[in-house]
Amino acid sequence: GSYILGFSDFELGGQDDIFRGGIQFSSGYFLNDRFVLGLRETASFDRRSTSENLDFRSWENELSAFGRYYLNTSGGRLVPFAELGGGFYNVNTRSDGSYRIDSFRWLGEARVGLNVFVTPEMAFEFALVGRHEGRASETRVFEDRTRFPEEYFTNFEGTVPDRNTQLGIHVGVQFFCDKTNDLL
């Protein structure tokens, strides 16, 4: 069988006193010459460190499974695809001695895109992404009641009926390994 490995949404930077880094990896297995089953992992980290404001650290992790169908495998450099997937998204934010927020969301995603092959084994990927998230649970604990008065910042543990829908553009690089079927 053939495999697909992808990297995208790479982010590394800083602004003033905030550092942010993140990357998305994907891998999949071709069940036939058109259909791929795979997993996608996104991880990122934020850190703010100052002497005058609250320091915080935030870790984000997303894991999802997807099914991708290539609409055309006739040998061209442009290969369109459609994809459906689902998974979860977890965020942990901490400020030592001040607050702790943990959030867990379920997500569903649809992509319509195009692989642009530059070699038989490598393609740039461009996709329109529709995504819907629903919060399943959240925990908020505020320890510093001077900065976070209880009348405005209540501690909470439970389910929050929060929904979020997004539409965006995805850009990445895909590598096609051990191919027994040719998309190009």
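Just so it is clear, none of the values below were taken in a lab; they were calculated from the coordinates. Small disclaimer: the values here were computed from a predicted structure and weren't measured. Backbone-built Cβ (ideal geometry, glycine too); neighbour counts: all protein chains shown.
Please identify, among Tyr69, Tyr99, Tyr152, the residue showing maximal mean-square fluctuation in a Gaussian network model of the chain using a 10 angstrom Cα cutoff.
In the Gaussian network model the winner is Tyr152.
Give me, ordered by chain and number, the residues 5 or more places off Ser2 or on other chains with an amide H under 5 Å from its own placed amide H.
Phe30, Thr180
At 37 °C and a viscosity of 0.692 mPa s, what translational diffusion coefficient does Stokes-Einstein give for region 133-178, taking Rh as the Kirkwood radius over Cα pairs? Give it in µm²/s as a whole number.
224
Working from the alpha-carbon coordinates of the chain, get Rg over Rh, Rh being the Kirkwood radius.
1.09
Two decimals, Cα atoms only, Kirkwood Rh: what is Rg/Rh over region 44-128?
Here the Rg-to-Rh quotient is 1.22.
If you project the alpha carbons of region 87-184 onto their three principal axes, what span does each projection cover, largest first, in Å?
Sorted largest first, the three principal extents are 62, 27, 21 Å.
Put +1 on the Cβ of every Lys and Arg and -1 on every Asp and Glu Cβ in region 46-138; which of Ser74, Val116, Val91 then has its Cα farthest towards the positive end of the dipole?
Ser74
Against the globular-protein guess of 2.2 N^0.38 Å, express the Cα radius of gyration of region 49-95 as a ratio, rounded to two decimals.
Cα Rg divided by the expected 2.2 N^0.38 Å: 2.11.
By the scheme Lys and Arg +1, Asp and Glu -1, what is the net charge of all other residues having a beta-carbon under 10 Å from that of Leu63?
Taking every other residue near Leu63 into account, the sum is -1.
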